[in-house]
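Only one structure is covered here, and it is reproduced in the block below.
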Amino acid sequence: MSSSQQRAELQAQIWKIANDVRGSVDGWDFKQFVLGTLFYRFISENFSNYIEAGDDKITYASLKDSIVTPEIKDDAVKTKGYFIYPGQLFVNVAKNANDNPNLNTDLAKIFSAIESSANGYPSEHDIKGLFADFDTTSNRLGNTVKDKNTRLAAVLKGVAGLRFGHFQDNQIDLFGDAYEFLISNYAANAGKSGGEFFTPQHVSKLIAQLAMHKQTSVNKIYDPAAGSGSLLLQAKKHFDNHVIEDGFFGQEINHTTYNLARMNMFLHNINYNKFDIALGNTLLEPHFGDEKPFDAIVSNPPYSVNWIGSDDPTLINDERFAPAGVLAPKSKADFAFVLHALSYLSGKGRAAIVCFPGIFYRGGAEQKIRQYLIDNNFVETVISLAPNLFFGTSIAVNILVLSKHKTDNKTQFIDASALFKKATNNNTLTDDHIARIMEVFDTKTDADHFAKSIDFEKIAQNDYNLSVSSYVEAKDNREVVDITALNAEIQTTVAKITRLRADIDAIVAEIEEGEQ
């Protein structure tokens, strides 16, 4: 079975589980239980593989908890970041789930034990609270303990029936794909908020390639609005592991999504010492100031959200915003995220940021920030994408590519709005579309109706407007009309009408004479 066939089968099975067990529970809420169970199974099997170390004579799940010594546990936590006793493994809990009257409380104790196993270790920050949104006592699962246990058992059994294969046989990416598939489908049904939680893989792939372009190695990659971590993980999926030397960093304001991002790191087999996802408001409480600068930055920040802006007089002196001399508008924080990313960017790297198109042509503070970016030659490329590529919004967004190592004073504009494949709910970018964008991004060659590089002076004369449509002429798809041929056709038609009218007049006259 090919990888694409495996992926399709796995996705279909997971979606069936989600629909079969959720009942009256809202899908966007219930995803937490499905995703939490997927994560629970993954770390259980991953931990078992670590303990067994490829020895076919050892089956960790069949051992007694009492065989675990303090030394074994200590060594495991230092390596894996957490510990799971044999009796706590997913396979053992799922096996007896239907007959366990204490299933919901047993699961709560197991999740608490896994998290607390990291207490006092370097991994404590990365493990703590991972299961916080998997509330096994929640009334969302039912009003009685029996109802809760019935639903939990259904989820456990459903996930237990998924055929993942062996993780050591390179199936880990398939598991991650399935996980992201579930998020994407729930995001698609979550209304406007969906796009804030998940960036579709095809768009993430383009953004990762833009940020990592021609870099044989980067110190680390960073996302200041990490969401579920999908943008960071595309860098791992499409580049060799050694390219990213010091790991993956991100910050996320939403607690639920913050947990999803950390889970997603583990699901893609990124060890705790290779990632650091922080919880908090990036604009007001930025983390990783000691880790910057970053050689690669990827981001899909929320569009046009409110922030305190000029109401906080200290922000204008913040090293991230001060160079521009003005703060992003209070009702539109988009450029605050852009300036934050620029501040964290290294001299050799790139930042690729999804942006709301309005920030590229509006006046006021946003125009002044654009002027700062252009005058200092930080804008490498602006790319306009097709509409309806993201979940929960049909907006045709732009990608802004920032660089501190440009060798000329031109800015490239790419109109990729015609590059898309129609899908059931959303448009998608194919690999061919991405390859075409990356080719012209790499060569910086002009292409009619697609790409054009513009001198600094022309942009300045145009009030620092950075809209792609201002510089790349749209292709005229109207039918070309041959005026000479059209005039000849009109003359022929007029002659026919004249003859027809004469014939009609003659017939009418003949009729009138007969009546007299």
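The values are calculated or read from the model by the stated rules, or taken from the named source; none is laboratory data. These numbers were taken from a predicted model, which means no experiment stands behind them. So basically every Cβ, Gly included, is an ideal-geometry build from the backbone, and we count neighbours across all protein chains shown. Ligands, DNA and RNA are stripped out before the accessible areas are found, and what is left, the full protein with its side chains, is counted by its heavy atoms. Shrake-Rupley method; radii C 1.70, N 1.55, O 1.52, S 1.80 Å.
Indicate, rounded to the nearest 5 percent, the antiparallel portion of the DSSP beta bridges found entirely in the chain.
Values: 19 of 39 bridges.
About 50 percent, rounded to the nearest 5.
Residue-wise, which Karplus ³J(HN,Hα) couplings in Hz belong to the range 405-417, taking 6.51 cos²θ - 1.76 cosθ + 1.60, θ = phi - 60°, and x for glycine or proline?
Those phi angles translate into 10, 5, 9, 9, 10, 9, 10, 8, 10, 10, 9, 9, 5 Hz.
Determine the alpha carbon to alpha carbon distance for each of 236/444; 220/404; 16/157; 332/406; 78/236; 31/148 and list only those over 19 Å. Could the numbers behind the result be given before it?
Details: 236/444 26 Å; 220/404 17 Å; 16/157 13 Å; 332/406 28 Å; 78/236 23 Å; 31/148 15 Å.
Check vs 19 Å cut-off fails for 236/444; 332/406; 78/236.
Could you tell me which of 322, 162, 508 has its Cα farthest along the dipole of the chain towards the positive end, charges placed at Cβ (Lys, Arg +1; Asp, Glu -1), taken about the Cα centre?
162
Once you sort the root eigenvalues of the Cα gyration tensor of the range 271-381 as a ≥ b ≥ c, which label holds: rounded (a/c under 1.5), prolate (a/b larger than b/c) or oblate (the other case)?
Values: a/c = 1.64, a/b = 1.34, b/c = 1.23.
It is prolate, given that a/c is not under 1.5 and a/b is the larger ratio.
Please give the FRET efficiency for residue 284 paired with residue 376, using the beta carbon to beta carbon distance and R0 = 25 Å, rounded to the nearest 0.05. The partial results should precede the final answer.
Values: r = 25 Å, r/R0 = 0.99.
About 0.50, to the nearest 0.05.
Report, to the nearest 10°, how far helix 145-160 tilts away from the longest principal axis of the Cα atoms in the chain, using its own Cα long axis and a range of 0 to 90°.
The angle comes out at about 80 degrees.
For residue 95, which aspartates and glutamates qualify as cross-link partners when the Cα separation must be under 14 Å and same-chain residues fewer than eight apart are set aside?
Filter leaves 106.
Counting only helical runs of four or more DSSP H residues, what would the 222 nm mean residue ellipticity of the chain come to if each run contributes -39,500 (n - 2.57) and the total is spread over all its residues? List each step's numbers first, then the result.
Working: 17 runs with 226 residues, N = 516.
One gets -14000 deg cm²/dmol as the mean residue ellipticity at 222 nm.
On the full set of protein chains, 1.4 Å probe, figure out the accessible area of residue 78 and give it in Å² to the nearest 10.
Per-residue accessible area (residue 78): approximately 120 Å².
In the chain, once you exclude exposed GluC sites (Glu not before Pro) (DSSP loop, at most 16 other Cβ within 10 angstrom), what's the longest stretch remaining? Write out the running numbers ahead of the final one.
Numbers: sites that count: 245, 291, 319, 473, 479.
Answer from the scan: 1-244.
So how much slack lies between residue 493 and residue 147, counting 0.36 nm per residue of separation and subtracting their Cα-Cα distance, in nm?
Values: separation 346, 0.36 × 346 = 124.56 nm, distance 7.86 nm.
The residue 493-residue 147 span can extend by a further 116.7 nm.
Under the 0.36 nm per residue contour assumption, what length would be gained going from the current alpha-carbon distance of residue 406 and residue 512 to full extension?
Details: separation 106, 0.36 × 106 = 38.16 nm, distance 8.75 nm.
Result for the pair: 29.4 nm of gain on full extension.
Can you compute 3J(HN,Hα) from phi for each residue in the range 346-355, using the Karplus curve 6.51 cos²θ - 1.76 cosθ + 1.60 with θ = phi - 60°, rounded to whole Hz and x for Gly and Pro?
Per residue, the Karplus-derived 3J(HN,Hα) values read 7, x, 9, x, 9, 10, 10, 10, 6, 10 Hz.
Give me a comma-separated list of calculated 3J(HN,Hα) values for the range 260-272, in order, Karplus coefficients 6.51, -1.76, 1.60 applied at θ = phi - 60°, integers in Hz, x for any Gly or Pro.
4, 4, 5, 4, 4, 4, 5, 4, 9, 6, 8, 5, 4
In terms of modelled amide H atoms, which long-range or inter-chain residues lie less than 5 Å from the amide H of residue 412?
Close amide H contacts, sequence-distant or interchain: 381, 382, 454.
Treating the beta-carbon of each Lys and Arg as +1 and of each Asp and Glu as -1, no other charges, what is the dipole magnitude of the chain about its Cα centre, to the nearest 20 debye?
Values: 50 positive and 65 negative charges, 258 e Å.
Dipole of the chain, to the nearest 20 debye: 1240 debye.
Let me have the relative contact order for the chain, percent, based on Cα pairs under 8 Å that are six or more residues apart. Could the numbers behind the result be given before it?
Numbers: 820 pairs, mean separation 56.0, N = 516.
Result for the chain is 11 percent.
Residue 228's amide H: which non-local residues (gap 5+, or another chain) put their own amide H closer than 5 Å, with H modeled 1.01 Å from N in plane and none for Pro or chain starts?
199
Can you list residues from other chains, or at least 5 along the same chain, whose modelled amide H is less than 5 Å from the amide H of residue 276?
248, 249, 250
Keeping all protein chains in place, calculate the accessible area per residue for the range 1-121 (probe 1.4 angstrom), answer in Å².
Counting only protein heavy atoms, the per-residue value for the range 1-121 is 48 Å².
Students often forget the sequence filter, so: which aspartates and glutamates lie under 12 Å Cα-Cα from residue 368 once same-chain residues fewer than 8 apart are removed?
Correct list for residue 368: 463.
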